[in-house]
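The values are calculated or read from the model by the stated rules, or taken from the named source; none is laboratory data. The shown structure was predicted, so the numbers you read here are calculated from the model rather than taken from an experiment. Here the Cβ positions follow ideal geometry from the backbone for every residue, glycine too, while neighbour counts run over all protein chains shown. In case anyone asks, the SASA skips ligands and DNA or RNA and just uses the protein heavy atoms, side chains included. Shrake-Rupley method; radii C 1.70, N 1.55, O 1.52, S 1.80 Å.
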Amino acid sequence: MAMEKTFDAGTREPLIYTKWEEAGAFKAGANAKAGAETFTIMLPPPNVTGFLHVGHAFNHTLMDILIRWKRMQGFDTLWQPGLDHAGIATQLVVEKQLAELGQKRSDYSREDFIAKIWEWKAVSGGTIQEQDKRIGAGMDWDRSAFTMDENFHDAVIKVFVDMYNKGFIYRGKRLVNWDPHFETAISDLEVENIETDGHMWHFKYPLANGATYEYVEKDEDGVETLRETRNYIAIATTRPETMLGDGAVAVHPTDERYAPIVGMLCEIPVGPKAQRRLIPIITDEYPDKTFGSGAVKITGAHDFNDYQVAKRSNIPMYNLMDTKAAMRADGRPYVEEAATAQAIANGEQTFDEAMIAAMNMVPDEYRGMDRFDARKAVIDAITAEGLAVMHDVTRTEKDEDGNTVEITETVPYVESKKIMQPFGDRSKVVIEPMLTDQWYVDTAQIVEPALDAVRSGRTKIMPESGEKVYFHWLENIEPWCISRQLWWGHQIPVWYAPVIEDGVIITGKYEMFCAATEEEAVEKARIFYGEKANVINGQGKRFEDQEHTLASFIDALKNSMRHGDGPIQVRLYRDDDVLDTWFSSGLWPFGTLGWPNDTPELAKYFPGDVLITGQDILFFWVARMMMMSQAVMDKDPFHTVYLHQLMRDAKGEKMSKTRGNVIDPLVMVDEYGADALRFTMGQMAALGGVLKISEDRIKGYRNFGTKLWNAFSFAEHYEIPNAGTHALPKAENTLNKWIIGETAKVREVVDAALETYRFNDAANALYAFTWGKVCDWYVEFSKPILQGEDASAKLETEATLRWVLDQALIMLHPIMPFITEELWGQADNRANLLVTQEWPTFTAADLVDADADREMNWVINLIESVRSARAQSHVPAGAKVPLVVMGLDAKGQSAWDNNSALIMRLARIETLEHVEAFPKGCVTIPMEGGTFGLPLEGLIDVKEEIARLEKTMQKLGKELGGLRGRLNNPNFVASAPEEVITEARENLALREEEEAQLKAAIARLAELG
RNA sequence: GGGUGAUUAGCUCAGUUGGUAGAGCGCUUCCUUUACACGGAAGAUGUCGGGAGUUCGAGCCUCUCAUCACCCA
């Protein structure tokens, strides 16, 4: 059956993939040699909601190349697949679906909503795994893990409990990044800071009791530039709505302008006149004297910098907003709250965290307003009261008569400026710093082993620049907020219960019991309370309170669960929050292998080898896996981290739906086949390189596949037997020796490249070998032999060609698995599928024949030179011409004799004649060992030919100049290494010979002209 | 503001301990010669961002400036 004209990727690829799966080729340990070392790659689990985008395609292709290569080498390989439950992203998908039905999450109970997500997962989750098969990714699918699987859940809970018991995890009230859309805390890494157009308003905070002071400004030289009596301190802010929660005004301790009023009270210029709050003017290092007025309002509960200042000076932090970032509407009337706050500010009343948290400092008129509406309302109220800082603005206008007039107005001083605003990376809404109770990993306690892994070289990050970034981040690591106010995820295994003192439940406090199960928590509680209380097992039921908040739980317990004079009835209340998705994916390297159970896979495949992932999740995931692995397993999870950049379009822009520049890998697979896409990915993967993908490239590598295809089509055309086992032929023929040597060379290059993760070098070497060596030269050279009469040479060449083509298939397979498997399968009888074929180990030292190498390069050089001379002399491509040679030495003669058939065929030469002198009008071709010439009198343009030779001379002259300059420089000869000098001398001799030949040729032509 | 990286042919990019610049695509000319027009042959194109330094020698090392990108504040 004749081969098709090209490889039909569309129909053949899925069939080939099925064959691999049926053969179990991707299973852990497939093709492993007895006692082989393991080679493990953990797939960075895509979101369960995910679709295969071009970034996955790249990432997964690199892993597949490595795994296929190692598998063929006989390693015991595992490529562990799986999916991440992706808390927010997944909840969002299902909420969107409900929205289409006109429903929302709160229409369901927590259990029912989670059941909905599981339903969704069963139907639509993990589409990406099927898509992965399209690009040929060979993972052990039967082992596919999910971060919400039962076993994985056990692992997560166990780690939490262990870390809690070791004191690595704690609960605390901190300022967190709050996402008002999803109504949850998020980590620093989930916040994107984007520069946006903002405004800075300037307001006056009047001093208490009508106090005044001399406000003096001086320039750099200490010369007074402004002096006035003021009864206020000016504040600049981009967030006026948070003024309601101010606890102080801070100035720098060295700021002389405000020195007279430090320690005084000033008034927040907003809210009902009768209850204006007075706050202290304090000093702190934080304010920048040169920025704004130099005075900063301190709103500890709504700004990260202010939070630090407030903590330092024990300034109360009033939380102004609810979970949707609307102004709070709970608590006591403003009049009462303000009175309490004033007592605190006056130092007349002590306060604690819980008390401050309960206070609502939003005046009644703003309660319930959206934060941005509240901002407008506050600005308007202050401006109306005349407490905005004003300035004069002059503009020019034409009056009725067309004359230009200047109009000066006094208007509120509002600066328009770019501000960095935090946005949620998922929700795209403005993040609100919020003071809430959250769970934290005390990363400072577990970071050291992860740092040490890289410092000591146990774990290598590639490219090396990644290590610097890694150190910088980990050395300055912040506590990791791991609680999320979501439903989809691993619920925190902590149960709360009331604090009981003297037989009374204390409001605002709680006991915590951390345990793997509710039963264990109850048991712990029983032991803890002893006689003090009677702990009831709630059996998973949550306390019957609509709000489900801890505070209301304890209040309700206090009010309703007391039974006469007997022991207090205590029921446990489980924390509602779930864990950050990255907490569970941090356990991926061992959770997927069955930990905490002691499985054979865990023993065998952990720790793994290489992690290949995007640079963007170095902190999110890589660093956390390294910390968690050490904290839980006392081992590094892998020895190498390969980081790559984000995939961009051909122009280097980020791909986005709105830009419309998204390249869909599956569309590319449909159009050009998976191999073309994969080769493009491999070829692009230079360490640290920017990844720009274009369809043209993919097309180019599709053509490469066709070229390979046609090499086989050639072999078939010449009816070269293809038995299935092709042993390394014992070659006598120079040509065959040469290509065998080239094959060995490329094998070494490919292995060396893949060992060091230089996928691009491997791909390029294979491309150059297959196309540039095998197809361009070897196949052409073999034609005269295959068509010739020498039966033994023919047999040897046939065997060599088959062997070389097989080696090309083997070595190309990791990058282009489909077409190579297809071509492999065309042999009569193969013992293996290519996917489990043994990888070669032959070396250049064994197989390169230096003489054959030199001879074939000489032949190629001669053919190229003749072709070049012909083209420049406009000899018709089809015409056969005679060749003459002068002073051919023994080596040259032998090279010619061995290869005259090839040369004459490929250079279209009729005859070779030895001459004493070149005829007139002869084109000169200088070669090592003799000068060749094309007698083209009448055909060549003498002037043109002289110009051509002179151009060559010029190039040569440059080279000669450089070489002579170096060799004549005594410093070079004295200090350069011996081999460099020798090389230069040899080079010079060769060039000088060539120069002499060219000079002679030009002289001859000049006679003619 | 801090950090990291980039700047090499028209485009996209390689260039591994410093030894005198490469690939793919594109472009120009010629060729349908029985593996392949998703092809073959030939060809053109570089002050390696600017400047300075170290060195016998710098695309590569050092400093500096410029521009761009990304990350973190």
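Taking 0.36 nm per intervening residue step and subtracting the Cα-Cα distance, what contour gain separates A:Asp364 from A:Gln893 on full extension?
Length gained between A:Asp364 and A:Gln893: 179.9 nm.
Spelling out what I want: for every residue of the range A:746-754, take phi, set θ = phi - 60°, compute 6.51 cos²θ - 1.76 cosθ + 1.60 (Karplus), and round to whole Hz; glycine and proline get x.
These are the phi-based 3J(HN,Hα) values: 5, 4, 5, 5, 5, 4, 4, 5, 5 Hz.
Going out from 0 in 10 Å bins, what whole percent of all Cα-Cα distances in chain A drops into each bin?
Taking all Cα pairs of chain A, the binned fractions are 2, 9, 14, 15, 15, 13, 10, 9, 7, 5, 2, 0, 0, 0 percent.
Taking θ = phi - 60°, what integer Hz values does the Karplus form 6.51 cos²θ - 1.76 cosθ + 1.60 yield along the range A:436-442, in sequence order, with x for Gly and Pro?
Each residue of the range A:436-442 in turn: 9, 7, 9, 9, 10, 8, 7 Hz.
If the chain between A:Ala845 and A:Val915 were fully stretched, how many nm would it gain, using 0.36 nm times the residue separation less the Cα-Cα distance?
The A:Ala845-A:Val915 span can extend by a further 21.2 nm.
Using the charge dipole of chain A (Lys, Arg: +1 at Cβ; Asp, Glu: -1 at Cβ; taken about the Cα centre), state which of A:Met355, A:His302, A:Pro253 has its Cα farthest towards the positive end.
A:His302
Please give the charge dipole size of the range A:1-69, origin at the Cα centre, charges +1 on K and R Cβ atoms and -1 on D and E Cβ atoms. Round to the nearest 20 debye.
Using Cβ point charges on Lys, Arg, Asp and Glu, the range A:1-69 gives about 100 debye.
Against the longest alpha carbon principal axis of chain A, how many degrees, from 0 to 90 and to the nearest 10, is the axis of helix A:87-100 turned?
Orientation of helix A:87-100: about 80 degrees from the principal axis.
In whole Hz, with x marking every Gly and Pro, tabulate ³J(HN,Hα) for the range A:72-84 from phi via Karplus 6.51 cos²θ - 1.76 cosθ + 1.60, θ = phi - 60°.
Karplus values, whole Hz, x for Gly and Pro: 5, 6, x, 5, 8, 9, 9, 10, 8, x, x, 9, 9.
Strictly over 29 Å apart at the Cα level, which of A:Lys96/A:Lys297; A:Lys133/A:Lys773; A:Lys699/A:Lys773; A:Lys96/A:Lys173 would you flag in this model?
The answer is A:Lys96/A:Lys297; A:Lys133/A:Lys773; A:Lys96/A:Lys173.
Would you mind telling me the antiparallel percentage of the DSSP bridges in chain A, rounded to 5?
75
Counting pairs of alpha carbon atoms under 8 Å apart in space and at least six apart in sequence, what relative contact order in percent does chain A give?
12
Using amide H atoms built in the peptide plane, which far-off residues or other-chain residues are under 5 Å from A:Thr40 H to H?
Correct list: A:Leu78, A:Asp609, A:Val610.
Could you tell me whether the range A:242-305 comes out rounded, prolate or oblate from its Cα gyration tensor? Rule is a ≥ b ≥ c as square roots of the eigenvalues, rounded for a/c under 1.5, then prolate if a/b exceeds b/c, otherwise oblate.
oblate
DSSP beta bridges in the range A:242-318, what fraction antiparallel, as a percent rounded to 5?
Of those bridges, close to 70 percent are antiparallel.
On the accessible surface of chain A, probed at 1.4 Å, how many percent belong to carbon and sulfur atoms?
49
Can you classify the range A:405-500 as rounded, prolate or oblate using the Cα gyration tensor, where a ≥ b ≥ c are the square roots of its eigenvalues, rounded means a/c under 1.5, and otherwise it's prolate if a/b beats b/c and oblate if not?
Here the range A:405-500 falls in the oblate category.
Give the aspartates and glutamates whose C-alpha is closer than 20 Å to that of A:Lys104, dropping any in the same chain fewer than 8 places away, or say none.
Hits, sequence-local ones excluded: A:Glu95, A:Asp112, A:Glu119, A:Asp179, A:Glu183, A:Asp322, A:Glu547, A:Asp576, A:Asp577.
Determine the order of A:Tyr318, A:Tyr164 by accessible area, beginning with the largest, at a probe radius of 1.4 Å.
A:Tyr164, A:Tyr318
Find the accessible area per residue for the range A:1-153; the probe is 1.4 Å, ligands and nucleic acids are left out, and the unit is Å².
I get 42 Å² per residue for the range A:1-153.
Using packing as a proxy for protection, rank A:950-963, A:446-459 so that the peptide with the highest average count of other Cβ atoms within 10 Å comes first.
By packing density, highest mean first, the sequence is A:446-459, A:950-963.
Cα to Cα, under 15 Å, and not fewer than 8 places away if on the same chain: which aspartates and glutamates meet these conditions relative to A:Lys166?
Candidates past the 8-residue exclusion: A:Asp442, A:Asp634.
Would you please give the residues with an amide H less than 5 Å from that of A:Asn722, counting only those at least 5 places away or on a separate chain, with H modeled from the backbone geometry?
For A:Asn722, the qualifying residues are A:Asp828.
Tell me the per residue accessible area of the range A:854-934 using a 1.4 Å probe; a whole number in Å² is fine.
Using a 1.4 Å probe on heavy atoms only, each residue of the range A:854-934 averages 45 Å².
Choose one of A:His639, A:Asn733, A:Leu1005: the residue whose Cα lies farthest towards the positive end of the charge dipole of chain A (beta-carbon charges +1 Lys, Arg; -1 Asp, Glu; about the Cα centre).
A:Asn733
Dipole of the range A:382-461 (Lys/Arg Cβ +1, Asp/Glu Cβ -1, origin at the Cα centre): which of A:Thr410, A:Pro422, A:Met390 lies farthest to the positive side?
Checked the options; the winner is A:Pro422.
For a quick check: with amide H placed at 1.01 Å from N, whose amide H comes under 5 Å from A:Val881's, ignoring anything fewer than 5 positions away on the same chain?
Here the answer is A:Ile909, A:Glu910, since their amide H atoms fall under 5 Å of that of A:Val881.
Sort A:173-185, A:99-111, A:581-593 by the packing proxy (mean of other Cβ within 10 Å over each peptide's residues), most packed first.
In descending order of packing, they fall as A:581-593, A:173-185, A:99-111.
Assigning unit charges at the beta carbon (Lys, Arg +1; Asp, Glu -1) and nothing else, what dipole magnitude in debye, to the nearest 20, does chain A show about its Cα centre?
For chain A, the charge dipole is close to 1020 debye.
Extending each Cα 7 Å along its Cβ direction at A:Ala115 and A:Glu385, get the distance between those two points in nm, one decimal.
Distance between the two pseudo-spin positions: 5.4 nm.
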